[in-house]
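Single-structure report; data block below.
Throughout, read-outs are computed from the coordinates displayed, never taken from laboratory work. Note that the coordinates shown come from a computational prediction; the quantities given were computed from them, not determined experimentally. Cβ sites come from the backbone with ideal geometry, for glycine too, and all protein chains shown count toward neighbours.
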Amino acid sequence: MKLEKIRPSEITPEHVYLSRRRVLRIGALALGTAALSACGLPSPSPEPTQTNPRVPKDLPTDKRDEFGDPANRWEEITNYNNFYEFTMDKQEVARLAQNFKTSPWTVTVGGLVNRPRTYDLDDLRKFGEEERIYRLRCVEGWSMVIPWLGFPLHKLLREVEPLSKARYVRFESLFDPDQMPGQRLSFYPWPYAEGLRLDEAMHDLTLLVTGLYGHPLPPQNGAPVRLAVPWKYGFKSIKSIVRIDLVEEQPATLWNTVAPHEYGFYSNVNPNKPHPRWSQATERRIGEPGRRRTLMFNGYERQVAALYAGMDLMKNY
Ligand code: MTE
């Protein structure tokens, strides 16, 4: 994968000329790198810009992950985003999303549960808020350390009481092309959808995120509520969630539908399993020179390896 920045305008014609059906017929590989990169287009390290004027005052500078690595700065976390509903250009998301309406907002939880329920943002508050400093490793080869605020998803799942038939959890983002210009491109099968196995969803590391650096989540990071699954590639951490369903079969996800040979359902961070078009052995930590080694399960091996006992992770990627 090349490291120079490609402007979205350079790839627009493909989106314009090819209907989704035709794209799928041609086959994902024929399309070219940019349109099918789950983590978008590589660009230089982000610098503070004017696009996001709402930088909170008095942000702490001493936050670190459990390895002692410093958290990325607010400016980095909020100006270098993947949110294809707005644009494929990471450094334009903040500007395009600044007026995104995140209130009122509801999350409807249903499917194979005893107590289906629609939560508004006030309802979600009862699950509390705690800080979790997680690494986010994008499938494309960059990473950040992010001090999220949120609550473990299992708290909510326990309340709706999954039925014994439920084996997977499906998540869906908002579909609103009037607010999200990227959704007017019919290439992607909107709305953005993701999925986890039920035991992955119940794992204590799986977080429903409502804030960042002790502040409400900015729109570009997936406000008002998104997922953080730190041992998986970043695209599993779906933003701006409106629906959560407990289901029996493995659900279709956006990236697995668009390019199944490149983006598996599990998508656990695995330095030994190269992406078909690039190595996953190293990563570029935003704000850091050079590259660092990528860790198995993004450094969360001790906590999550048991979820995959007996599975061939080279096949179940
Ligand atoms: N969720 C939605 N709805 N749409 C997206 O385009 N991008 C994913 C993920 N969640 C995406 C999404 C990808 S590829 C990554 S790497 C992370 O969000 C980026 O999260 P961040 O912008 O908060 O760093």
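State the Kirkwood hydrodynamic radius of the stretch 93-229 in Å, one decimal place, computed from all pairs of distinct Cα atoms.
Values: mean 1/r = 0.0620 Å⁻¹.
When all Cα pairs of the stretch 93-229 are included, the Kirkwood radius is 16.1 Å.
For the pairs Lys232/Lys273; Lys165/Lys273; Lys63/Lys101; Lys232/Lys315; Lys126/Lys155, note any where the Cα-Cα span goes beyond 21 Å. Don't skip to the end; give the middle numbers.
Values: Lys232/Lys273 13 Å; Lys165/Lys273 32 Å; Lys63/Lys101 30 Å; Lys232/Lys315 16 Å; Lys126/Lys155 10 Å.
Table pairs above 21 Å Cα-Cα are Lys165/Lys273; Lys63/Lys101.
Looking at the P(r) of the stretch 202-308, how many percent of alpha-carbon pairs lie beyond 18 Å?
Result for the distance tail: 59 percent.
Test of understanding: what is the full-extension gain from Arg167 to Lys63, defined as 0.36 nm times their sequence separation minus their Cα-Cα distance? Could you put the intermediate results ahead of the total?
Values: separation 104, 0.36 × 104 = 37.44 nm, distance 3.62 nm.
That works out to 33.8 nm of additional length.
Can you check how the C-alpha radius of gyration of the stretch 196-241 compares to 2.2 N^0.38 Å, as a plain ratio? Output field value: 1.12.
Projected label points at Glu159 and Thr257, each 7 Å from Cα along the beta carbon direction, are separated by 2.8 nanometres. The residues Lys155, Lys239, Lys165, when put in order of fewest to most other Cβ atoms within 10 Å, stand as Lys165, Lys155, Lys239. Highest average first, the peptides 229-237, 57-65, 136-144 ordered by how many other beta carbon atoms sit within 10 Å of their residues are 229-237, 136-144, 57-65. When each of Glu129, Glu200 is scored by the number of other beta-carbon atoms lying within 10 Å, the sequence from fewest to most is Glu129, Glu200.
Please report Rg over Rh for the stretch 51-131, where both radii come from the alpha carbon positions and Rh follows the Kirkwood definition. Write down the numbers at each step before the final one.
Details: Rg = 17.0 Å, Rh = 16.1 Å.
Here Rg/Rh amounts to 1.06.
In this simple spin-label approximation, Asp122 and Thr282 carry label points 7 Å from Cα along the Cα→Cβ vector, and these lie 5.3 nm apart. Backbone geometry of the stretch 261-274 corresponds, through the Karplus equation with coefficients 6.51, -1.76 and 1.60 at θ = phi - 60°, to 3J(HN,Hα) couplings of 6, 9, 10, x, 5, 6, 6, 6, 4, 8, x, 8, 10, x Hz, x marking Gly and Pro.
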